[in-house]
Structures are given as C-alpha cells and as structure tokens.
Amino acid sequence: MATYQSIKELTRGLQQGAKLLNDMFLKRKTVAIKYDDALETLDGDENKLKHLINFGVIVQTGDFLEVDDTYQRFFEEVLAVNEDINIASVQTFIGKLKLGIDSYLAAENNSRKAQFLREIRHTFKSIENATRRNVVDLKRNVDDTYKQEPNFKIKELRLKDFDEKAKQIGELIRQTEKVLEEQTIFFANATDIGMKQTLTEIRVGLKESAHGLIAISAQIIDYLNRIEYQSKLVRKTRQLKYLKDQFMIEESTDVKELLSKVNDVWIEKQPKYLTKVSLDFLRNDDAALEILCNIRKRLSKKVTIKSRLAEKIDEKYLEEQQETTRMFNHQEIINGFLAQSSDLFYYVWNYQFENETDQEMRLVLFLQLASQYNDNLQYTSDYKMMNNVEYPIIYPR
C-alpha cells in the first residue's frame with residue numbers, strides 16, 4: 001500500500017476526494033457505501049477513488065467501502081464528535097514526563113537541556129489536551145447514552161464503563177499534580193519563559209478538568225440511580241402484566257384494595273373558585289390597599305405594553321424597489337493590462353469603458369486591481385502625477 005510522503009501530498013490527496021469523504025463520514029454509523037455509489041459521488045472519476053483506496057484513506061471490503069480507522073479517528077477528534085474516550089495509560093504519561101525531567105537534570109550541554117525542555121513542555125501540553133478533550137467527550141457521551149440508549153442493561157453497562165474512565169482521567173490529573181509538587185529542583189532550574197507559561201496553563205487546565213470530572217461523576221451516579229429505579233418499575237409492571245394475563249392479579253396482589261383508596265381524577269383540570277371582594281371591605285379595611293395596589297400595577301403594565309406596539313408599516317416600504325449597481329469585470333481588465341507595457345494607473349485612466357466612468361470610479365478601480373492581483377504585478381518605488389493625483393508606478397510582471 002502506498003503512503004503519503006509529505007503534508008502537501010496528503011492534503012492534496014484528501015482534497016481530491018473531499019466530497020466522497022464528507023459523505024462517507026456523515027453516514028459512517030448508518031449506511032454502508034457501495035463502490036458504484038462512491039464513484040457516482042466523485043462524478044465518475046475512478047482515478048480519484050482508486051487513489052484513495054491505494055493510499056489507505058478508504059478501505060474496500062468486497063463491493064463496500066469505509067473510511068480507514070486512522071483517518072476516521074482523526075476526523076472525529078478534530079471535529080470533536082468522537083465517541084471513544086481515548087486516554088493512554090497513566091503510567092505512560094507520567095513515565096514519559098519523569099524521564100524527560102531526569103534527562104534534563106542529568107544533561108550538561110545547554111543545547112541538550114533545551115531539547116529536553118521542549119519535550120517536557122510537549123508532554124505537559126499532551127496531558128492537558130488529553131484530559132480536557134476527554135472530559136468534554138465523556139460528558140457528551142454520558143448524556144447521549146442515558147438519553148438515547150433504549151436498553152436498560154446496555155445503558156447501565158456503558159455508564160459504569162464511563163465511570164471507570166472518569167477515574168482514570170482523575171488519576172492522571174492527580175499524578176500530574178503530584179509531579180508538579182515534587183519536582184522542585186527541576187522547576188527551580190528551568191527558568192525558561194515558555195516553561196513558566198506552560199506550567200501556568202496546565203495548572204489552570206487540570207483544575208478545570210478536575211471540576212468537570214466531579215460534575216460528570218455526580219451525573220453518572222444520578223443516572224445509574226434513575227436506571228435502577230426505572231428497571232425496578234419495569235420489572236414490577238411486567239409482573240403485574242403477567243398476573244393480569246393469567247387472571248391471577250386479584251388473588252395474588254392487593255391491587256384492588258389499593259385502587260379503591262385512590263380517588264384522583266387526574267385527567268380533569270383542578271377547579272378554581274373565584275370569590276368577589278365586597279365594596280365595604282375595599283372602602284374600610286386597610287388590607288384592601290395591597291389588593292388595589294396590585295390591580296393598579298397590572299393595569300399600568302397593560303397600558304405600557306399597549307403603548308409599545310408598533311404602528312402600521314407604511315405602504316411605501318412594502319413596494320418593490322430596484323437599485324442598479326455599477327460592476328466591473330476585473331479579470332477582463334487585468335488580462336488586457338498584462339498584455340501591454342504601460343503602467344497600471346495610466347492603463348485604467350485611459351481605458352475605454354462601454355458606459356461613462358468618472359475619475360473617482362477609475363481611481364477606486366485602480367486600487368482594487370492593485371490589491372487584488374498583486375501576484376501578477378511588479379511594484380516600483382517611482383511615483384508620478386496625473387490630474388493632481390500622485391500614484392505609484394506598477395507594471396505587469
């Protein structure tokens with residue numbers, strides 16, 4: 001299988017099949033893409049499809065195609081839609097961090113120290129990015145699993161797995177903070193500005209991730225308790241349904257007695273009874289002042305809202321109107337300029353347009369061409385005057 005040799009070659013290859021890759025990525029969980037359908041998506045260009053298959057971007061199994069796991073994980077992580085919580089072993093991260101610190105302290109050459117310092121910074125950033133990204137993915141997956149998974153058993157198993165992964169992320173945070181507290185000799189010697197900035201960022205990032213994990217763990221416990229309650233409710237309902245179907249519900253349970261004690265009419269609305277206040281109460285009782293004040297506030301609000309209503313839109317604003325804008329074909333003008341030898345300002349100033357064009361429009365057109373097609377123009381340091389306008393001399397390249 002061929003492999004890409006540079007980033008430029010990789011991006012060019014992905015760009016050629018961008019339309020197909022986008023379609024396959026959107027349908028990665030639902031539909032299997034057939035070879036003929038993929039060829040139709042690429043407008044019948046089979047060379048592009050074979051290129052993606054030969055370079056391992058797309059995997060062919062029989063007549064079906066799918067995006068390679070490496071590229072799919074890359075797309076999911078970049079677009080923040082990955083469902084898997086990918087966190088390396090805690091000992092792998094911490095071991096790499098301690099190895100870099102010990103190598104820095106043992107190195108005598110300043111260039112080697114700078115090299116190890118860069119590795120340590122990259123390891124710290126990797127830990128921060130891994131924890132932050134996985135906390136976000138974990139929260140999203142926990143919510144999606146609880147709300148979308150219809151099977152209670154699968155839902156419970158996946159939530160417990162997420163709880164274990166949350167513990168792993170928390171352990172990585174604790175071990176990293178422990179390294180920050182214990183390696184005092186290294187941090188005293190490493191006075192690099194970039195290292196100080198990295199340490200500040202990772203302390204803030206780990207703190208935010210730790211707080212996020214606390215909230216996620218509490219959410220998982222709440223979801224598991226709800227699942228347990230709902231599972232018990234479903235089991236009891238199924239048992240009652242079985243007894244009812246076997247005509248044993250009245251003999252085996254006290255459901256008839258319990259239902260006889262319930263008199264709720266839950267479909268009907270709760271009745272409301274309005275009692276009018278007497279005039280004598282309003283005139284003579286001090287407690288009536290509060291009622292009158294509330295009524296006055298409600299009436300004043302109604303008046304205020306009514307006064308804010310907009311007036312009827314004038315008919316003239318609803319009439320269809322047309323506006324004509326003058327447009328220039330920049331490409332045609334610049335092509336003509338590149339085919340001759342005069343400077344750009346002189347060429348635009350004397351260009352024969354179909355419609356009358358004043359000096360201001362020609363000056364604006366000159367500035368637009370000079371900024372838009374700078375790759376095709378040769379700028380000089382000379383200036384000239386024409387009609388009281390000083391302009392730079394620009395020739396075609």
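Summed over the range 382-397, residues that are of a type outside the set (Asp, Glu) and in contact with a Pro (Cβ under 8 Å, 6 or more places away or on another chain) total 1. With respect to the numbered conditions (1) loosely packed, with under 14 Cβ neighbours inside 10 Å; (2) not assigned by TED's automatic domain parsing to the domain that holds SER126, which one is the sole condition not fulfilled by GLN197? In the conditions (1) loosely packed, with under 14 Cβ neighbours inside 10 Å; (2) not assigned by TED's automatic domain parsing to the domain that holds SER126, GLN197 misses (2) alone.
This table checks each residue for (1) exposed (fewer than 14 other Cβ atoms within 10 Å of the Cβ); (2) out of contact with any Cys (no Cβ under 6 Å at 6 or more places or on another chain); (3) assigned by TED's automatic domain parsing to the domain that holds ASN134; (4) of a type outside the set (A, V, I, L, M, F, W, C).
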{"residue": "ALA18", "(1), (2), (3), (4)": "yes, yes, no, no"}
{"residue": "LYS34", "(1), (2), (3), (4)": "yes, yes, no, yes"}
{"residue": "GLY44", "(1), (2), (3), (4)": "yes, yes, no, yes"}
{"residue": "GLU66", "(1), (2), (3), (4)": "no, yes, no, yes"}
{"residue": "THR70", "(1), (2), (3), (4)": "yes, yes, no, yes"}
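Here the condition is being aromatic (Phe, Trp, Tyr), part of a helix (DSSP H, G or I), within 30 Å of TYR71 (Cα to Cα) and modelled with pLDDT of 85 or more; of PHE124, PHE116, PHE93, it holds for PHE124 alone. Considering the range 313-370, and only residues there that are among the hydroxyl-bearing types (Ser, Thr, Tyr) and in a loop (DSSP other than H, G, I, E, B), the residue that is nearest to GLU390 (Cα to Cα) turns out to be SER342.
Of (1) surrounded by 15 or more Cβ atoms within 10 Å (Cβ to Cβ); (2) under 24 Å from GLU77 (Cα atoms), LEU26 satisfies all except one. Which? That leaves (1) as the condition not met. Quick check, is LYS155 surrounded by 18 or more Cβ atoms within 10 Å (Cβ to Cβ) and farther than 30 Å from SER111 by Cα? In short, yes. From the residues in the range 363-393 that are more than 45 Å from the chain's Cα centre (by Cα) and in contact (Cβ under 8 Å) with a residue 12 or more places away in the chain, which one is surrounded by the most Cβ atoms within 10 Å (Cβ to Cβ)? Ranking the candidates gives TYR391 first. The set of residues from the range 172-186 being surrounded by 15 or more Cβ atoms within 10 Å (Cβ to Cβ) and either part of a helix (DSSP H, G or I) or in contact with a strand residue (DSSP E or B) (Cβ under 9 Å, 6 or more places away or on another chain) (or both) comprises LEU172, ILE173, GLN175, THR176, GLU177, VAL179, LEU180, PHE186.
Among the residues of the range 148-171, those that are part of a helix (DSSP H, G or I), closer than 18 Å to SER231 by Cβ and either in contact with a strand residue (DSSP E or B) (Cβ under 7 Å, 6 or more places away or on another chain) or free of Cβ contacts under 8 Å to residues at least 12 places away in the same chain (or both) comprise GLN148, LYS153, ILE154, LEU157, ASP161.
The values are calculated or read from the model by the stated rules, or taken from the named source; none is laboratory data. Note that the coordinates shown come from a computational prediction; the quantities given were computed from them, not determined experimentally. Glycine also receives a Cβ, built like all others from the backbone with ideal geometry; neighbour counts cover every protein chain displayed.
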